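**Q** So that we are looking at the same thing, I have put the structure below in structure tokens.
Since every read-out is calculated from the coordinates, none of them should be taken as a lab result. This one's a predicted model, so the numbers in the text were calculated from it and none came from an experiment. Every residue, glycine as well, gets a Cβ built from its backbone with ideal geometry; the counts of neighbours run over all protein chains shown.
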Amino acid sequence: LGGTTVIMSSVFGKVNRCPAECNLVLLGAMGSGKSALTVKFLTRRFIGEYDPYLDDIYSSEEVVDRQPVTVRVMDTCDKEGPVNSERYLSWANAFLVVYSIDNMESFKGCQLYLQTLALNNKTFSPQTPIILLGNKLDMDRYRQVSQSDARAVASRFGCLFFEVSACLDFLPVQRVFYEAVRRSRQA
Ligand code: GDP
Ligand code: MG
């Protein structure tokens, strides 16, 4: 029986039909809130400051649609936009491309990531889902990126689009991460 389990998991792991694991990668400009969102998802808390040069992978046991899944989150920290993308391109089961709604530069930065992913998606795994994620919704009064502009970019690149805040409620943040898991199961 033990042997069967091992074979099954290795087969499913390769074809990735119904993965009990999901690798999420957060991309985006520095300061957009990738680390804050990662920490929020993992701990339900907002922690304002951490090392901005940390590029790390966290793991969490979750249950999405009643199916247990090990979610791994790679919180990247590119200083120069999409460079060294090989480190996550084939690893990822889904991408969260993050910008800050109060920062137009971060939104432009997102589009560089989306272009990189679009180029890669043709050659590797055609349906790796991508979520365009506007963060810092609590800063709505300083908004520089309209929802309609973000929606237009999302539809151009075939991604989903959400807005959240890492320092407001936990559930909307969890919902976005869970949606990424859900989409990766369908891919
Ligand atoms: P990263 O470089 O993308 O990892 O960004 P960080 O997670 O380090 O966040 C950059 C800065 O924005 C920090 O000072 C955070 O406290 C702040 N921040 C992150 N998320 C939010 C948010 O949702 N709302 C507000 N107001 N600040 C945030
Ligand atoms: Mg960070």
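**Q** How high is the FRET efficiency between Phe170 and Ser59 when r is their beta carbon distance and R₀ equals 25 Å, given to the nearest 0.05? Intermediate results must be reported in sequence, preceding the final value.
**A** Numbers: r = 19 Å, r/R0 = 0.74.
Taking R0 as 25 Å, the efficiency between Phe170 and Ser59 is 0.85.
**Q** If you don't mind, there's one more thing I want to ask. Using a Debye calculation, one point per C-alpha and no hydration shell, please list log10 I(q)/I(0) for segment 29-187 at q = 0.11, 0.12, 0.16, 0.18 Å⁻¹ in order.
**A** For segment 29-187 at q = 0.11, 0.12, 0.16, 0.18 Å⁻¹, log10 I(q)/I(0) is -0.40, -0.48, -0.90, -1.18.
**Q** How would you order 60-68, 31-39 from highest to lowest mean count of nearby Cβ atoms within 10 Å?
**A** Values: 60-68: 11.2, 31-39: 24.3.
Highest mean packing first, the order is 31-39, 60-68.
**Q** If you stretched the chain out fully between Asp138 and Asn84, how much longer would it get, using 0.36 nm times the residue separation minus the C-alpha to C-alpha distance?
**A** Working: separation 54, 0.36 × 54 = 19.44 nm, distance 3.20 nm.
Extra length available between Asp138 and Asn84 comes to 16.2 nm.
**Q** When Lys and Arg each count +1 and Asp and Glu each count -1, what net charge do the other residues less than 10 Å away from Val73, Cβ to Cβ, add up to?
**A** My count for the surroundings of Val73 gives 0.
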